[in-house]
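Okay, structure first, notes after.
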2 protein chains.
Amino acid sequence: MKKLINAPDQVVPDALRGLAAAHPELAVDVEARTVVRRDAPRIGKVGLVSGGGTGHEPLHAGFVGFGMLDAACPGEIFTSPVPDQMASASQAVDGGAGVLHIVKNYTGDVLNFRLAAELCEDAGVEVRQVVVDDDVAVTDSLYTAGRRGTGATLFVEKLAGALAESGAPLDQVAATARRVNESSRSFGVALTACTTPAKGSPTFDLPADQLELGIGIHGEPGRERRTMMTAAEIAEVSLDAVLADLPPGGPVLVLVNGMGGTPLQELYILCAEVDRILRARGVPIARYLVGDYVTSLDMAGCSLTLCRADDALLRLWDAPVQTPALRWGR
Amino acid sequence: MKKLINAPDQVVPDALRGLAAAHPELAVDVEARTVVRRDAPRIGKVGLVSGGGTGHEPLHAGFVGFGMLDAACPGEIFTSPVPDQMASASQAVDGGAGVLHIVKNYTGDVLNFRLAAELCEDAGVEVRQVVVDDDVAVTDSLYTAGRRGTGATLFVEKLAGALAESGAPLDQVAATARRVNESSRSFGVALTACTTPAKGSPTFDLPADQLELGIGIHGEPGRERRTMMTAAEIAEVSLDAVLADLPPGGPVLVLVNGMGGTPLQELYILCAEVDRILRARGVPIARYLVGDYVTSLDMAGCSLTLCRADDALLRLWDAPVQTPALRWGR
């Protein structure tokens, strides 16, 4: 295993120290494992808190800042954070208007966020929860009952974050977050497995001439293996899966996401094929976002997430955002 | 070889089609291989043109936009673009105030940009040139006489771009670009070699327990091979090399750059070590930028670039920028 680390058990605190150094606008508590906007709590603003296992950077800590999350709770690699972390982050960002927990649908996260919500309610912090479950590849998986939460998390955090920034009340922010999740579908493809620092070898075995369709972000099994495909074929299979399940509606926000080990040049090649296919099928395209946003350590591969967006959601998408990984308009 | 491509000889045009789809604010000519700001030429504004072989994304096309480059000329992978491309891009962005060519110090790029400058002068476009040569690892290399141009290219493009946006004349923009290059030093480390689509196998052989210090962005040989090191040791060796050669001056801009195949979490670990060492050595730190900016396809590894910046340069750094890969403040 060759990784740019000091020791496998120091990856999370070391990376948090780096995040703190690079981003003085974030309050990073390396001990408590919380990343909070330095201007939190904002009185009267709904707080947005997310979190989950790390290894998916920039998700979630890279999305903390103006117009997106108020706090993130990083767990160990591919391991849920604990309820105390979530409760502590929630209390730190509660400005009296309540807190929305954005939870990817993995059993550990769902359970721990539920316990955290109870701790919050005990402490007088009102909590709503949205569970993100956008991945159409499999119905149940290694770590999940129901669909997995992947790329749509970015859309939920950006769009609900913009709405919260505008001063909307908790129930409205929660309803929009749920609507974004319900309007989003994803599908991922792995060209290689990822290697966790603790294990030191690939999480699964994928022959040199094969790829895995419908992969999750922790190396969970997908739908099937096939011999290596072109970017055009990968786009076709992925969009077939996504569009078969995507609700009807407005134009789409498209996330062309890299899993961590795939060069940006290749993601743009995939984007070209996605664009060609969507146009051919008459799906109106509103915006693209291309890059590594919801990753799986060093995995080579990609995922596509589409979100149906009406004018209201598009305005939220275009609204200013100022986080380490997503910035515009301000 | 597993790559998200259609065919090795279609990588560059396919990626340009994707760039065009994702970024309607750029005028991408897939045939002529130029990427130009759609609002070019801006009358009275100095035009900034760069380019080089591709495989280093987001450099350069990802840096075209407000406050940075006016145009980029992508070559084949690791291969210089041709003079006609450069001349055509220069004419497209000349608003009567002349054009600055930002050239990384590789023999092919230097030669072709020189020929392009002659074509431009023939067409009545005034041209100045800055050659970027920040890499302290080796004095001559496989493709270079003198030092290689790497991470400082981002600093030159951002700082000179901000100055040009403010309406400064050509000679002043060129002088600042040269000053930024002279104030910058870089050092890179490879954990793995990269694989070009054309070759289909790693460009060099690096044993599983070794890394290469002082690597270039095309897999050119570095200074030496060592057995695998920790992030702290890699930061120490890299900063030793950079600081030994960095001119004295103001606080430093620090680019903690990934080579394409290294997860962002690991780059933040490196950033933590860099921050610790710079503080211990009393080097004042002005800003960090952490991410994949000057890459080498799927290579795992990193590079560090430091640039001494006075208040004037820091103001240019903080000035608004709006490109696919670098955005803030607007």
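The values are calculated or read from the model by the stated rules, or taken from the named source; none is laboratory data. Every value quoted in this text rests on a predicted model; they were computed, and no experiment measured them. Because the Cβ atoms are built from the backbone with ideal geometry, glycine has one as well, and the counts that use them run over all protein chains shown. SASA here: full protein model, heavy atoms, side chains in, ligands and nucleic acids out. Shrake-Rupley method; radii C 1.70, N 1.55, O 1.52, S 1.80 Å.
In µm²/s, what is D for the range A:184-320 at 20 °C and 1.002 mPa s, where D = kT/(6 pi eta Rh) by Stokes-Einstein and Rh is the Kirkwood radius from Cα pairs?
Result for D is 140 µm²/s.
Just the number, please: percent antiparallel of the DSSP beta bridges in chain A, rounded to the nearest 5.
55
Assign unit charges at the C-beta atoms only (+1 for Lys and Arg, -1 for Asp and Glu), then state the dipole size of the protein assembly as shown relative to its Cα centre in Debye, rounded to the nearest 20.
The calculation lands at about 700 debye.
Would you mind putting B:139-146, B:154-161 in packing order, based on average other-beta-carbon counts within 10 Å, highest first?
Peptide ranking by packing, descending: B:154-161, B:139-146.
Put one equal scatterer on each alpha carbon of the range A:1-56, apply the Debye formula with no solvent term, and list log10 I(q)/I(0) at q = 0.13, 0.17, 0.24, 0.27 1/Å to two decimals.
Debye curve over Cα of the range A:1-56, log10 I(q)/I(0) at q = 0.13, 0.17, 0.24, 0.27 Å⁻¹: -0.41, -0.65, -1.07, -1.22.
On a full-extension model of 0.36 nm per residue, what is the gain between B:ALA280 and B:GLU233, subtracting their alpha-carbon distance, rounded to one decimal in nm?
15.5 nm
What does the charge count around B:HIS101 come to, taking other residues whose C-beta lies under 10 Å from its C-beta (Lys +1, Arg +1, Asp -1, Glu -1)?
+1
Tell me the mean residue ellipticity at 222 nm calculated for chain A from its helices only (DSSP H runs of n ≥ 4, each -39500 (n - 2.57), averaged over every residue, nearest 500).
-10000 deg cm²/dmol
Towards the positive end of the charge dipole of the protein assembly as shown, with charges on Cβ (+1 Lys, Arg; -1 Asp, Glu), say which of B:HIS218, B:ALA190, B:LEU69 has the farthest Cα.
B:LEU69
Please give the total accessible area that chains A and B bury against each other, computed with a 1.4 Å probe and expressed in Å² to the nearest 100.
In total, this chain pair buries about 4500 Å².
For chain A, modelled as a GNM with alpha-carbon contacts under 10 angstrom, which of A:GLU76, A:GLU224, A:GLU266 fluctuates the most?
Its mean-square fluctuation being the largest, the pick is A:GLU224.
Would you mind telling me the share, in percent, of accessible area of the protein assembly as shown contributed by carbon and sulfur at probe 1.4 angstrom?
The computed percentage sits at 51.
What nm distances, shortest first, do you get from the label point of A:TRP328 to those in the other copies when the point sits 7 angstrom along Cα to Cβ?
1.8
Treat every Asp and Glu Cβ in the range B:175-330 as -1 and every Lys and Arg Cβ as +1, leave all other atoms uncharged, and give the resulting dipole magnitude about the Cα centre to the nearest 20 debye.
Charge dipole, the range B:175-330, about its Cα centre: 540 debye, nearest 20.
Mind checking A:314-325 for the average number of partner chain beta-carbons within 10 Å of each residue's beta-carbon?
The per-residue average across the peptide is 1.
State, to one decimal in nm and shortest first, how far the label point of A:GLY200 sits from each corresponding label point in the other identical copies (label point: 7 angstrom along Cα-to-Cβ).
Its label point is 3.4 nm from the equivalent points in the other copies.
Highest GNM mean-square fluctuation, chain B, Cα pairs closer than 10 Å: which of B:ARG226, B:ARG147, B:ARG37?
B:ARG226
Consider all pairwise Cα distances in the protein assembly as shown and report the whole-number % of them above 42 Å.
Tail fraction, whole percent: 19.
Could you provide, to the nearest whole Å², the per residue accessible area of the range A:123-190 with probe 1.4 Å?
Roughly 30 Å² per residue, with all protein chains present.
At 7 angstrom along the Cα-to-beta-carbon line, where would the label on A:ASP245 sit relative to the other copies? Give the distances in nm, shortest first.
Those separations, rounded to one decimal, come out as 5.1 nm.
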